Amino acid sequence: MAELTKDQVKEFLGNMTVIELSALVKELEEAWGVSAAAPVAVAAAPGGGGGAAAAEAEEQTEFDVILTGSGDKKIQVIKVVRELTGLGLKEAKAAVDEPPSTIKEGVSKTEAADMKAKIEEAGGTATIK
């Protein structure tokens, strides 16, 4: 098997989607028994300067999309919820009929923003937490 250079590996990874990269990271974590989470090192800095570093290290990376209202076009919102979640008609209707309801948990910031935009385009309202 030919060895790859670092540049070839970077080029290969650069051509992957974020979802593919995320799945690869999870597979590598499981295979090697490690975690790719950045280590959080909070040093006791003089004058309490470590607070800002700790806040930066805890930046939120996973978001929840919550449907807060169905608006006037409930059927369109149900269709979007089904598309985003893969739920059946009955489950999607129940989620839209009884807001607030969590549509998707633990998604990236961009995916959450896309989902919120689709819900709002259909006439519903959503928040990201």
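Some notes on this structure:
- If you filter segment 105-117 down to residues that are closer than 15 Å to LYS79 by Cα and buried (at least 17 other Cβ atoms within 10 Å of the Cβ), you find that the one that is nearest to the chain's Cα centre (by Cα) is MET115.
- Residue-level analysis places GLU27 among those that are modelled with pLDDT of 85 or more, exposed (fewer than 12 other Cβ atoms within 10 Å of the Cβ), assigned to a helix (DSSP H, G or I) and under 21 Å from the mean Cα position of the chain (by Cα).
- Unique match (being buried (at least 16 other Cβ atoms within 10 Å of the Cβ) and of a type outside the set (Ser, Thr, Tyr)) among LEU67, LEU89: LEU67
- The listed residues are THR61, THR125, and the only one of them that is of a type in the set (Ser, Thr, Tyr) and modelled with pLDDT of 85 or more turns out to be THR125.
- Test result for ASP72, charged (D, E, K, R), touching an Asp or Glu at 6+ places or on another chain (Cβ under 7 Å) and at pLDDT 65 or above: no
- If you go through segment 92-104 and pick out every residue that is β-branched (Val, Ile, Thr) and surrounded by fewer than 17 Cβ atoms within 10 Å (Cβ to Cβ), you end up with 1.
- Residue pairs meeting the criteria (Cβ under 9 Å; at least 6 apart or on separate chains; first under 29 Å from GLU111 (Cα atoms) and touching a residue at least 40 places away in the same chain (Cβ under 8 Å), in segment 1-27; second part of a helix (DSSP H, G or I) and not small (Gly, Ala, Ser)): VAL18/THR110; VAL18/GLU111
The values are calculated or read from the model by the stated rules, or taken from the named source; none is laboratory data. As the structure is a prediction and not an experimental result, all values here were calculated from the model. Heads up, the Cβs are rebuilt from the backbone with ideal geometry, glycines too, and the neighbour counts pull from every protein chain shown.
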